[in-house]
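In what follows, a structure is listed as structure tokens, so that the remarks can point back to it.
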Amino acid sequence: MSRRSGILEFAVLGLLRESPMHGYELRKRLNTSLGVFRAFSYGTLYPCLKTLVANGWLIEESGSTPEDALAAPLAGRRAKIVYRLTAEGKEHFEDLLSQTGPDAYEDEHFAARFAFFGQTSRDVRMRVLEGRRSRLEERLEKMRASLARTRERLDDYTLELQRHGMESVEREVRWLNELIESERAGRDQQRSAPDSSAQQNSTSGESAGLPRRRENDPPPDPSDDPAK
């Protein structure tokens with residue numbers, strides 16, 4: 001399985017954990033909620049769904065209501081297929097959520113992982129955030145070294161593009177620093193008041209106070225990084 005198809009499977013399982021959906025709804029959520037998938041098509045999504053069904057992680061159901069099931073034959077069209085997560089699929093998704101290997105730090109995979117941080121345990125969130133920050137700091141160091149070597153040979157526009165790429169990475173590193181500090185503050189607060197926090201937080205989604213962003217200032221989208 002390719003890395004890109006693995007990310008898609010992860011996202012589909014995560015969305016279906018929230019509620020059953022048919023293919024159109026899934027594609028819409030992938031395109032609008034998870035920007036990294038905005039270029040995905042039905043031709044990519046449906047083979048993924050078939051694979052997940054074959055693995056026993058999803059089941060197919062015809063129509064979302066009895067009225068839909070009756071209306072479809074009368075209208076001469078097929079009833080919509082609704083996809084529902086199975087118990088095995090939920091268990092598999094939770095296993096994927098717990099993984100913090102190098103793939104979790106890469107651009108596209110990190111964006112998908114971050115979208116489901118609300119369902120992820122605090123310790124795993126911290127490891128993914130710190131791993132992503134370390135990966136970007138390595139990238140930034142290489143970019144600076146490359147720019148220092150080639151600055152004399154670059155025209156003004158290419159040099160400006162290089163600077164823009166570095167600024168994008170630096171901006172995401174600052175954003176990650178804020179997230180990590182917020183997670184640490186939330187963890188420290190939880191330790192100081194274990195009784196009250198236990199009532200408010202669940203194991204898989206204890207949400208730390210995220211850093212307050214300015215109005216109309218969305219989080220960085222790694223897929224838009226011009227340095228890639």
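Where a number appears in this text, it was derived from the coordinates with a stated rule and is not lab data. Everything numeric in this text was worked out from a predicted model, so none of it was measured. Heads up, the Cβs are rebuilt from the backbone with ideal geometry, glycines too, and the neighbour counts pull from every protein chain shown.
Full extension of the chain between A148 and R17 gives 42.4 nm of extra length, using 0.36 nm per residue less the Cα-Cα distance. What is the local net charge at G43, summed over the other residues whose Cβ is closer than 13 Å to its Cβ (Lys, Arg +1; Asp, Glu -1)? Around G43, the surrounding residues sum to +2. Kirkwood analysis of the stretch 77-183, using all unique Cα-Cα pairs, places the hydrodynamic radius at 16.5 Å. Label positions at V53 and R163, each projected 7 Å from the Cα along the C-beta direction, are separated by 5.5 nm.
If R0 equals 22 Å, the separation of the Cβ atoms of E141 and R174 corresponds to a calculated FRET efficiency of about 0.90.
D for the stretch 117-171, whole µm²/s, Stokes-Einstein with Kirkwood Rh over alpha-carbon pairs at 37 °C and 0.692 mPa s: what number?
The diffusion coefficient I find is 253 µm²/s.
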